[in-house]
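Enquirer: So that we are looking at the same thing, I have put the structure below in structure tokens.
The values are calculated or read from the model by the stated rules, or taken from the named source; none is laboratory data. From a predicted model like this one, the values you see are computed outputs, not experimental measurements. Here the Cβ is made from the backbone with ideal geometry for all residues, glycine too, and neighbour counts use every protein chain on show.
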Amino acid sequence: MNQLLNSVHELLLGKEADLKVRRLSLIFAITGFLLHLLLWLAYKMEVLDIGGASPELLDSPLDALYTPFSVLLAYEVYQLIRAIPESFSTAVGKQFEIVTLLVVRDIFKQLSDLDFSGGWSIDSELKFIIVECFTFVILFITSLIYRANSSTEMKLDFQNEDLVKFVQNKRIISLFLLGTYAIIALFSFTNWCISISEGDGSVTREIFFLDFFTVLILADILILLISYGYSIDFTNLARNTGFILSTVVLRVAISAGGLSSTILFMLGGLIGIAVLVISLKFEGFENEENYLSSE
């Protein structure tokens, strides 16, 4: 059973699978970007006639950035799922990378909708973009801190039966998330295509990501409960609970609108940084105490 699980995991989430998905993602991103530009040009030259709210992504050539960033976001989600069996903190870092790209994608969309024909003025839309840019910086710093400090939490020692079982359980959860990811993506894309045919092709970050982050939170809680069966160390429990808290805040931020969403995104980033830095600090103290007590 374990051999079959490992084979399926390697086939879908292994290094070779990652290389293939990355290559396809780059192809789709470049192709989608060029196709989006062609659609914008056709719409601008009135060759393409679209009614309702569907032209929202064809108002400006900057709108074409939305497509490649969406493809890159899809690949980042795949990377997050791959990271779950290796390291919980690395997976959390991937969550911040995803929301960082979400925010910068929204900034590009907001910039493409700005109109300065009436002269230079700091209106509410410009103020909101400034706040969003500051939010992007906070999330970007958070992502870099996680990337710099996160490492594989558990060195695989196949003599430790409990550790092997825990990793196997996380691989099962990651495969479940991969299947859920595919279903939610297909469902979201289908509904969006139907909306376009009905003249309502508006796009928001809630599409796909709201449902996926809901499932991700449930998976994180499940991993937390399973880990508690193997270790009752309070530091790990509190740290992982803090990671889940930051994920919940990010999920609420995705569903929120306006200034509330930017505040919640920044709050999620600050919680993530605080939990990681504090846990690493006290982990260092614990290691030092263990070293001194062994002398």
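Enquirer: Within region 15-42, track down each residue that is modelled with pLDDT of 90 or more, loosely packed, with under 15 Cβ neighbours inside 10 Å and either small (Gly, Ala, Ser) or touching a Lys or Arg at 6+ places or on another chain (Cβ under 6 Å) (or both).
Expert: If the condition is that a residue be modelled with pLDDT of 90 or more, loosely packed, with under 15 Cβ neighbours inside 10 Å and either small (Gly, Ala, Ser) or touching a Lys or Arg at 6+ places or on another chain (Cβ under 6 Å) (or both), then no residue fits.
Enquirer: Please list, ordered by first then second residue, the pairs with beta carbon atoms under 9 Å, 6 or more apart or interchain, first in region 96-111 and modelled with pLDDT under 85, second not in a helix (DSSP H, G or I).
Expert: Lys109/Val203; Leu111/Ser60
Enquirer: Considering only region 43-78, how many residues are at pLDDT below 75 and of a type in the set (S, T, N, Q)?
Expert: Count: 1.
Enquirer: What is the number of the single condition among (1) among the charged types (D, E, K, R); (2) in contact with a helix residue (DSSP H, G or I) (Cβ under 9 Å, 6 or more places away or on another chain); (3) within 20 Å of Leu144 (Cβ to Cβ) that Arg251 does not meet?
Expert: Of the numbered conditions (1) among the charged types (D, E, K, R); (2) in contact with a helix residue (DSSP H, G or I) (Cβ under 9 Å, 6 or more places away or on another chain); (3) within 20 Å of Leu144 (Cβ to Cβ), the odd one out for Arg251 is (3).
Enquirer: Something else about it: Which condition from (1) of a type in the set (Ser, Thr, Tyr); (2) modelled with pLDDT under 90; (3) under 12 Å from the mean Cα position of the chain (by Cα) is the one that Ser87 breaks?
Expert: Exception for Ser87: condition (3).
Enquirer: Let me ask something additional. Quickly run through region 162-198 and pick out the residues that are under 22 Å from Asn2 (Cα atoms), modelled with pLDDT of 90 or more and among the aromatic types (Phe, Trp, Tyr).
Expert: Passing the criteria: only Phe176.
Enquirer: List, please: which pairs have Cβ atoms under 8 Å, are six or more places apart or on different chains, and start with a residue in region 248-265 that is under 13 Å from Ile129 (Cα atoms) and free of Cβ contacts under 8 Å to residues at least 12 places away in the same chain and end with one that is in a helix (DSSP H, G or I) and β-branched (Val, Ile, Thr)?
Expert: Matching pairs, first to second residue: Ser261/Ile254.
Enquirer: Taking only region 57-82 into account, find how many residues are among the small types (Gly, Ala, Ser) and buried (at least 22 other Cβ atoms within 10 Å of the Cβ).
Expert: Of the residues in region 57-82, 1 are among the small types (Gly, Ala, Ser) and buried (at least 22 other Cβ atoms within 10 Å of the Cβ).
Enquirer: So Phe243 clears everything in (1) at pLDDT 85 or above; (2) on the phi > 0 side of the Ramachandran plot except one condition, right? Which one?
Expert: Exception for Phe243: condition (2).
Residues are listed down the side, and each one gets a yes or a no for (1) under 13 Å from the mean Cα position of the chain (by Cα); (2) hydroxyl-bearing (Ser, Thr, Tyr):
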site: Val215; (1), (2): yes, no
site: Ile221; (1), (2): no, no
site: Leu224; (1), (2): no, no
site: Ser227; (1), (2): no, yes
site: Ala238; (1), (2): no, no
site: Gly242; (1), (2): no, no
